[in-house]
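Have a look at the structure below before the remarks.
The values are calculated or read from the model by the stated rules, or taken from the named source; none is laboratory data. These figures come from a predicted structure and were not determined experimentally. All Cβ positions, even for glycine, are placed from backbone atoms using ideal geometry, and neighbour counts span all protein chains on display. Please note that ligands, DNA and RNA were not included when accessible areas were found on the heavy atoms of the full protein model with its side chains. Shrake-Rupley method; radii C 1.70, N 1.55, O 1.52, S 1.80 Å.
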Amino acid sequence: MATGNRRLLPGFHLSLGYSVLYLSVLVLIPLAACLAKAAALSPSQFMAAVWTERARAAYSLTFGVSFAAALINVLLGGLIAWVLVRYEFPGKRLFDSLVDLPFALPTAVAGLVYSNLYVSNGWLGRFLVPLGIEGAYTRLAIVLVLTFIGLPFVVRTVQPVLETLDADVEEAAALLGANRWQIFVRVLLPSLYPAFLTGFALSFARALGEYGSVVFVSGNMPFKTEIAPVLIVQRLEEFSYSEATAIAVVLLLISFALLVAVNLLERWSKSHEA
């Protein structure tokens, strides 16, 4: 059977050739071009481009809001995954499908919707702004849209793990005198911990590179609400291609490190389940 399954696809050399061609055209060549463009700068010019006061402020904001959004997604995503797995209610399938909406919805649409909702005359802003809660053109606005974009990553990471957990273990712990908090911390959390970490890393990595939604809700004010991807676009509009590429390389290296961390977390999760 194993031999027959292998023959369903082309031979090894042909399959490998297609894979290398795909990686080269869509991934490796663009990355090489990006690195080559940044290499045109001397080390001092590279540091001057990526470590200006404005760039540091953009990095700080980008990582800060991405971390906050990913942390919120862990809490909300875990709760949503729990509801979807453990409860039956009318409209459950629709609710489950809506979780994936950020995957299909253009992020620019999300930015437009959020900016219209939270401005001072918006549906929600007219009630929140008088209370001092400004959800448009502020850092809070960026966190809101990044939370929307990254939520499905946590839900779809935690949900399969919850489905595999045996409810009999929880019942046994309850019979032994454990309360709900003890059951969650000592019985459920050890199994869910790797999935939460993976979902957090995926949500965080997704937020780092988000541009389409943030550009509509942040106001793009330097030193206040300007994230690193917006700064890259600003450098491109100024025809500073090398400087823009240098900043992009910094984000690229950080994103690559996060992907490695995600893969390690996934392996740890699989070994933990085993």
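The Cα atoms of region 206-256 define a convex hull whose projected area, averaged across directions, is 3.6 nm². Summarising the label geometry, the points placed 7 Å from Cα in the beta-carbon direction at Arg180 and Phe127 lie 2.6 nm from one another. Counting only protein heavy atoms and using a 1.4 Å probe, the accessible area of Val260 comes to about 60 Å².
Return the calculated 222 nm mean residue ellipticity for the chain, to the nearest 500 deg cm²/dmol, obtained by summing -39500 (n - 2.57) across DSSP H runs with n ≥ 4 and dividing by the residue count. Walk me through the numbers before you get to the answer.
Working: 16 runs with 203 residues, N = 274.
Estimated from H runs of four or more residues: -23500 deg cm²/dmol.
Return the single residue from Leu231, Leu117, Leu197 with maximal mean-square fluctuation; model: Gaussian network over the chain, springs between Cα atoms under 10 Å. Largest GNM mean-square fluctuation: Leu117. Counting only whole DSSP H helices of the chain, the ones at least 18 Å long by C-alpha along their axis and with mean Kyte-Doolittle hydropathy no lower than 0.5 are 53-86, 139-164, 189-208, 241-273.
About its Cα centre, the chain has a charge dipole of approximately 260 debye under the convention of +1 per Lys or Arg Cβ and -1 per Asp or Glu Cβ, with nothing else charged.
For region 39-103, the pair-distance distribution built from all alpha carbon pairs, in bins 10 Å wide starting at 0, is 17, 27, 19, 16, 13, 7, 0 percent. Identify, among Ala38, Thr147, Leu259, the residue whose Cα sits farthest towards the positive end of the charge dipole of the chain, taking +1 on the Cβ of Lys and Arg and -1 on the Cβ of Asp and Glu, with the dipole about the Cα centre. Of Ala38, Thr147, Leu259, it is Ala38.
Normalising the average separation of contacting C-alpha pairs (under 8 angstrom, six or more residues apart) by the number of residues puts the relative contact order of region 42-273 at 31 percent. What does the C-alpha gyration tensor say about the overall shape of the chain? Classify as rounded when a/c is under 1.5, otherwise prolate if a/b is larger than b/c, or oblate. Oblate shape, in that a/c is at least 1.5 and b/c is the bigger or equal ratio. When the chain is treated as a GNM with alpha-carbon contacts under 10 Å, the residue of Trp51, Trp181, Trp82 showing the greatest mean-square fluctuation is Trp181.
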